[in-house]
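Comments concern the structure below.
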Amino acid sequence: MERRVSDEQTQYAQAAADQLAGKPPQLNTQVLGARLLGEFAQAEIDRQPTEQRWLKDIRQYRGQYDPEVLDAIGPLRSKAFVRKTRVKVKTVDSRVVDLLFPAGAVKNWEVAPTPKPSLSPEHKAEIAAQLEKATGKKPDRNAFDAAVIAMAKESAKAMSATINDQLVEARYKDVSIKAIHSGHLYGTGIVKGPLVERRVRTRFVKQGKKWVTKSESYVVPFLDYVPIWRFYPDMTATELSQCRYVYERHSMTRAEMAELARRKSFNGAVLKAYILAHPDGEVRLRHYDNELRSIGERETTQSAKGGAYEVLERWGWLSGEQLREVGVKVPDDQLHDSFFSNVWLLPNGEVIKAVLQPIDGVTWPYHLYYFDKDETSIFGEGLSAIMRDDQTMINAAIRMMLDNAAITSGAQLEVTLDLLSNSEKVNEVVPWKVWPRNSKSPGQRAINVVELPSRSAELSAMAAMFENNADEVTAIPRYMSGENATTGAAGTSSGLSMLMGAVNIVIKDLITAWDEGVTVSFIRALYHWNMKFNQDDSIKGDYDVQATGTASLVAKEVRARALNEFAAGTANPMDAPYVKRDKLLRQRAEANELSDVVKTEDEVAAEMESDQAKQNMAMQQQIQQLQMQEAQAKVAKLSADAELARGKLQEMLANIEKIVAETVGVKVAAAYAALQAGGVATSSPHVAPAGDEILRSAGWKDATPNPTISQLNGPPVQQDLGTTQVLNKGQSFVQEPRAPAGGAPGPMEPPPQTGMAGSHAGIETAAIE
């Protein structure tokens, strides 16, 4: 089991801090290095049986037969390989990654304060002072505890944000995806970290009038994926916590070796001397290296010395005596004890780094994920090993089916060579071929056709049987990869939903394995890393790290399925009035990690207001348009009425002009008649009173003074009683002399001037009978 470092051993951890500060220890590389090389050689031997299984796994995943199987098949038989293993591995990869790293901002871990956070006396005094300053009195116990919990929650939230930022910078998701794939293929996936990595940041600063570059170093957590081929644990243990050591084999370029020599925690002098002594590199290829190259078609891409160097990194326990051999100061009374340390050495046994574990509370930097843990080994089994027999049987059935189909695709010929002509080529069979024969045994056929039976149906059923068995053995059915199942429970939507819920139990086990093997241990190690190396004290505190993958992610998927089924079941006119579709839609979107595609209530309200405003504006425009149309109609009507009135006016004016003309004519005629009457009255004054009387009886009133007829033209005429006007037979007045009273008639005088002069001069007045 995992050991704890005592308080007395804390002083030895100062060696790690000294190396980070640039104080490499003085190493004795001759004694410990040789001992560790022998330990690593034993680890290589112990791991070889597992390596053979891994080689079979990778060949099976890539669709390649093992060399011994190819030899047994022979050159003339089918070598088809049905890659069902790859489908299973890819299906589980995508499923687990989708649950552990959803599209939204949901994390599969959280950092929370402990139920009763422990604080330093200084921190407690600071909280008490802040409360007293805020309230003006000394806080009681309940208020103080509440303030402690509130501050712890804020600090835990800040720590969580810091860790999340570090995970993004360290490419935690990419590293995890590689480890998950390795776990599903080989049975074991390995994540390494967090370790201390010093980086250099270059920025521009202004000095005077110039901008110059300034470099500054800072410490960040280091994270990496470890392929199982580089991982050599203590094979006598079945759990990582039981291991005495773990070796990791690095293959580095010359530039990477030079970078190690520049680090203050490494022995640069030894590294530089080794690089100069081996300018072309030095790597001892293992048997599996050549196998992997042949599987990956890289047999001729790199030789044994391709400029690469091999470096061994060891994590594990060392005794105080062994640490003293490499320069670590260990008291005599602690030589019998063991200390967890990190040692780097070259293939020649020279130690280039030896430090104690730099992070308090963290032992192994490796975090293991298992698909199916093998209780007899530290490694697990993957999908390739679990379904190997089924994959072999599927391949065998398909090969036999293809071979049988090839054999039965054409007729088999039995040929008696003695009966054929010597020039006939029996190996050539073409359409319309003529087979010449000799005269021997004329009743015997030289060529007989042999029909072979086809077994394709039986062999196809055999392949299907083993494929179904692979689904049961791996607990990863084909409908998880999207295959359209049409029979059984998977043939209906409700049946398929039930089966998917059952499959989630297996996926839940995988999520649990990742949470326990990687999430909790790694995030907790990263929490310890920040507690020691992070300079921001506001994020530090007494926290617990919890994994939420199993509890929330799988449950969320089950809820998403239930919500989708409920939505489908209530999508009818009878249930619709009783279902709040907007809330149901939002819950479905949240369960399916699609909450950002559904509008919020505020957005809907804003859009409704906007739509209402647009409708009001459109309605106002319509009203204005209608009003304008109505006004235009009124204007048109008024124009038409005005035009009609104008026409009537013109007609009235024409009538008026006609009436005026007629009136003028009447007036003229009346004047003319009046003039005639006046002429008569003038010539016969005694008629005028009779005419006036007639006019008055007809209602006429004289608007002028009473002139006498004699005054109408010139001065008044004295009545001459000496003459008498009489109407002769020719209807004309004649003057007859009238004798004065008592005397004889006087001489004839001309008649007086009347209105008959002017325009009517010469016009004869009609006679009055």
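The values are calculated or read from the model by the stated rules, or taken from the named source; none is laboratory data. Owing to the predicted nature of the structure, the values given are computational and were not obtained by experimental measurement. Note that we place each Cβ from the backbone using ideal geometry, even for glycine, and neighbour counts take in every protein chain shown. Only protein heavy atoms, including side chains, enter the accessible area calculation; ligands, DNA and RNA are left aside. Shrake-Rupley method; radii C 1.70, N 1.55, O 1.52, S 1.80 Å.
Separation between the R696 and H287 pseudo-spin-labels, each 7 Å from Cα along Cα→Cβ, expressed in nm?
Modelled inter-label distance: 16.9 nm.
Express in nm, to one decimal, how much length is gained between R201 and D544 on full extension, taking 0.36 nm for each residue of separation and deducting their alpha carbon distance.
Extra length available between R201 and D544 comes to 120.3 nm.
Between L452 and K90, how high is the FRET efficiency from 1/(1 + (r/R0)^6) when r is the Cβ-Cβ distance and R₀ = 41 Å? Nearest 0.05.
Calculated value: 0.60.
Determine the sum of side-chain charges near I447: Lys and Arg each +1, Asp and Glu each -1, restricted to other residues whose C-beta is under 12 angstrom from that of I447.
Net charge in that neighbourhood comes out at +1.
Starting from the Cα of K107, draw a straight line to each of the lysines and keep only those under 21 Å, dropping any in the same chain fewer than 8 residues away.
K153, K157, K173, K178, K192, K508, K540, K556
When only C-alpha pairs under 8 Å and at least 6 residues apart count, what is the relative contact order of segment 105-254, in percent?
16
Which order do the peptides 233-240, 122-129, 253-260 come out in when sorted by mean C-beta neighbours inside 10 angstrom, highest first?
233-240, 253-260, 122-129
With a Förster radius of 30 Å, plug the Cβ-Cβ distance of A571 and D98 into 1/(1 + (r/R0)^6) and report the FRET value to the nearest 0.05.
0.65
Please give the Cα centre distance for segment 65-124 versus segment 243-264, rounded to the nearest Å.
Cα centroid of segment 65-124 versus Cα centroid of segment 243-264: 27 Å apart.
What does the extension gain come out to for R171 and A464, with contour length at 0.36 nm per residue minus their alpha carbon separation?
Here the answer is 101.3 nm.
Full-extension gain between A72 and Q620, please, as 0.36 nm times their residue separation minus the C-alpha to C-alpha distance.
The A72-Q620 span can extend by a further 188.4 nm.
Using a 1.4 angstrom probe on heavy atoms only, work out the carbon and sulfur share of the accessible area of segment 160-299 in %.
49
Name the residues of segment 439-464 whose amide N is less than 14 Å from a point 7 angstrom out from the Cα of S423 along the C-beta direction?
none
Determine the sum of side-chain charges near T474: Lys and Arg each +1, Asp and Glu each -1, restricted to other residues whose C-beta is under 12 angstrom from that of T474.
Result for the local shell: -3.
Accessible area, 1.4 Å probe, largest first: how do R77, R141 sort?
My answer, sorted largest first, is R141, R77.
I'd like the FRET efficiency for V31 and E126, computed as 1/(1 + (r/R0)^6) with the beta carbon distance as r and R0 of 56 Å, rounded to 0.05.
Efficiency, rounded to the nearest 0.05: 0.60.
Net charge near V351: determine it from the other residues with C-beta under 14 Å of the C-beta of V351, scoring Lys and Arg +1 and Asp and Glu -1.
Charge balance in the 14 Å sphere: 0.
What ranking, highest mean first, results for peptides 241-248, 638-645 when packing means the other Cβ atoms within 10 Å averaged over each residue?
241-248, 638-645
Based on the mean of other beta carbon atoms within 10 Å per residue, what is the order of 532-538, 513-519, most packed first?
513-519, 532-538
Below 27 Å, Cα to Cα, which lysines can K425 reach? Residues fewer than 8 away in the same chain don't count.
By straight Cα distance, K425 reaches K433, K440.
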